[in-house]
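Below is one structure, written out as structure tokens; comments come after it.
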């Protein structure tokens, strides 16, 4: 994970990220924030001003709170996730499911988890009901997205469970715990739910078609008027159809709910501590290790 260098990591800078104490008067908090905003961001090369009481600007503060580092960008590459999915399949085939009894038990548990995850076709409601304020809970919205994914798009739910497992392994090996935070397992589950749920929402293709007018040209008036406004060219428009999806805010909250449903399904099939298996972790580390590229000199020596 490529991370930039910070200007300083003193205890005073890290303490500035703490929340105000309950006994702090509002004037003191306001004055501290006003003084802090006059300083530059603590990330080397960033000239933006700090945000609130944090030692970073708004964007780097978001990265710090979300990823655990101000310059981190933890977006799993598709190639690494595909390698992890293959490692999981090899682990299930050669390590975990050696005997026919284990294979039968796993098939029953996995099928039961898929049935538990599969929503009713009635959840595939129109996009307007998901977009509007229908008082749906987060879990209901997650079922709506899964219904679009499975019933409308015809895609298998087992693929989403396998992708969640790959994402959870990737987070287990790549995630850096932010300083001052506790309960690393909760933070990792939160990040895995976010990444896996975002993938599920994108694959579900929840959208609607809307009609809008597009300017394709301009038409000049055929006469010259004494009124200046009448001499301006008039736009030539045509109606076009475009797709409108969920907003970023709705996609984030719904994605986390979908990720939570996938997590419960995987834990139903494999148990809550499936990712701590030593053989699975060894295969995952091997899958994420880049291959060694030998030069011509090293080839001749070998």
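The values are calculated or read from the model by the stated rules, or taken from the named source; none is laboratory data. Because the structure is predicted, anything quoted here is derived from the model rather than measured. Ideal geometry is used to build each Cβ from the backbone, glycine not excepted, and the neighbour counts take in all protein chains shown.
Does residue 47 satisfy the condition of being out of contact with any helix residue (DSSP H, G or I) (no Cβ under 6 Å at 6 or more places or on another chain) and either crowded, with 20+ Cβ neighbours inside 10 Å or without any contact (Cβ under 8 Å) to a residue 40 or more places away in the chain (or both)? Can you show your working first?
Numbers: out of contact with any helix residue (DSSP H, G or I) (no Cβ under 6 Å at 6 or more places or on another chain): yes; either crowded, with 20+ Cβ neighbours inside 10 Å or without any contact (Cβ under 8 Å) to a residue 40 or more places away in the chain (or both): yes.
Here the answer is yes, as residue 47 does meet what is asked.
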Report summary line: Listed by first then second residue, the pairs whose first member lies in segment 92-108 and is at negative phi and free of Cβ contacts under 8 Å to residues at least 60 places away in the same chain, whose partner is loosely packed, with under 12 Cβ neighbours inside 10 Å and in a helix (DSSP H, G or I), with beta carbons under 6 Å and at least 6 positions apart or on separate chains, are none
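Give the residues of segment 131-146 that are surrounded by 15 or more Cβ atoms within 10 Å (Cβ to Cβ) and within 20 Å of the chain's Cα centre (by Cα), sorted by residue number.
Of everything in segment 131-146, those that are surrounded by 15 or more Cβ atoms within 10 Å (Cβ to Cβ) and within 20 Å of the chain's Cα centre (by Cα) turn out to be 131, 140, 141, 142, 143, 144, 145, 146.
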Requested in this report: From 191, 232, 173, grab the single residue that is more than 14 Å from the chain's Cα centre (by Cα) and within 30 Å of residue 55 (Cα to Cα).
Outcome: 173
**Report entry** Filter pass, residue 258 being at pLDDT 90 or above and either surrounded by 15 or more Cβ atoms within 10 Å (Cβ to Cβ) or touching a strand residue (DSSP E or B) at 6+ places or on another chain (Cβ under 6 Å) (or both)
**Finding:** yes
Query raised in the report: Is at least one residue of segment 265-272 touching a strand residue (DSSP E or B) at 6+ places or on another chain (Cβ under 9 Å) and part of a helix (DSSP H, G or I)?
Result: no
Query - Complete set of residues in segment 143-191 that are touching a helix residue (DSSP H, G or I) at 6+ places or on another chain (Cβ under 7 Å), over 14 Å from residue 262 (Cβ atoms) and assigned to a helix (DSSP H, G or I) - result: 144, 147, 148, 151, 170, 172, 173, 188
Query - Flag for residue 89 being more than 23 Å from the chain's Cα centre (by Cα), within 26 Å of residue 290 (Cα to Cα) and either surrounded by 12 or more Cβ atoms within 10 Å (Cβ to Cβ) or at pLDDT below 90 (or both) - result: yes
**Report entry** Hey, residue 224 modelled with pLDDT under 90, in contact with a helix residue (DSSP H, G or I) (Cβ under 7 Å, 6 or more places away or on another chain) and exposed (fewer than 10 other Cβ atoms within 10 Å of the Cβ) or not
**Finding:** yes
Query raised in the report: So, of the residues in segment 261-280 that are touching a residue at least 60 places away in the same chain (Cβ under 8 Å) and over 19 Å from residue 111 (Cβ atoms), which turns out to be surrounded by the fewest Cβ atoms within 10 Å (Cβ to Cβ)?
Result: 279
Query raised in the report: Can you name the number of the only condition in (1) farther than 30 Å from residue 116 by Cβ; (2) assigned to a helix (DSSP H, G or I) that residue 215 fails?
Result: (2)
Requested in this report: Please verify whether segment 248-255 includes one or more residues that are over 16 Å from the mean Cα position of the chain (by Cα) and either surrounded by 13 or more Cβ atoms within 10 Å (Cβ to Cβ) or over 25 Å from residue 114 (Cβ atoms) (or both).
Outcome: no
